[in-house]
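Below is one structure, written out as structure tokens; the observations come after it.
The values are calculated or read from the model by the stated rules, or taken from the named source; none is laboratory data. These numbers were taken from a predicted model, which means no experiment stands behind them. Glycine also receives a Cβ, built like all others from the backbone with ideal geometry; neighbour counts cover every protein chain displayed.
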Amino acid sequence: MIDIIKDYTSKRLDLVKLQLTEKSSLSAGIIAFLSIVLIAFSFFIILFNFGIAFLIGQSMGNIGHGFLIVAGFYFIVMIAVFFMKKAIVKSVANQVIDFLNK
């Protein structure tokens, strides 16, 4: 009977190790993918914003005003994100917990 219990616990520990390995490898893959997408998207956003700022600046007759308007837009976005901090943190935490519990 003791041998059966030892064998069961040994196999159970092996199963837990395999599950943890699977979760960590999936997490690493997702993090790598999201990092690549984030870098590519950042380049797009930066270049797009330069284009928009120049476009607005040319239509107003002063390039500096175009950059100021784009910066003001992002300042408003930053304030909105700051006020929604708790909801964002809670949402991300829930998604991570759901992923780890699968």
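Name the one entry in PHE50, PHE41 that is surrounded by 13 or more Cβ atoms within 10 Å (Cβ to Cβ), part of a helix (DSSP H, G or I) and either in contact (Cβ under 8 Å) with a residue 24 or more places away in the chain or out of contact with any Leu (no Cβ under 8 Å at 6 or more places or on another chain) (or both). Exactly one of PHE50, PHE41 is surrounded by 13 or more Cβ atoms within 10 Å (Cβ to Cβ), part of a helix (DSSP H, G or I) and either in contact (Cβ under 8 Å) with a residue 24 or more places away in the chain or out of contact with any Leu (no Cβ under 8 Å at 6 or more places or on another chain) (or both), namely PHE50. Those residues that are at pLDDT below 85, part of a helix (DSSP H, G or I) and of a type outside the set (D, E, K, R), I need them from the stretch 1-18; list them, please. The one that is at pLDDT below 85, part of a helix (DSSP H, G or I) and of a type outside the set (D, E, K, R): ILE2. Checked against the criterion of being surrounded by 10 or more Cβ atoms within 10 Å (Cβ to Cβ), out of contact with any Lys or Arg (no Cβ under 8 Å at 6 or more places or on another chain) and either in a helix (DSSP H, G or I) or in contact (Cβ under 8 Å) with a residue 60 or more places away in the chain (or both), the candidates PHE73, PHE82 yield just one match: PHE73.
Pairs linking a residue in the stretch 2-25 that is farther than 24 Å from LEU100 by Cβ to a residue that is charged (D, E, K, R) and in a helix (DSSP H, G or I), with Cβ atoms under 9 Å and 6 or more positions apart or on different chains, do not occur. Residues considered: PHE54, PHE33, PHE41. Of these, the only one that is farther than 30 Å from ASN101 by Cβ and not acidic (Asp, Glu) is PHE54. Restricting the stretch 48-102 to residues that are polar (S, T, N, Q) and closer than 30 Å to ILE30 by Cβ leaves a set whose member that is farthest from the chain's Cα centre (by Cα) is ASN49.
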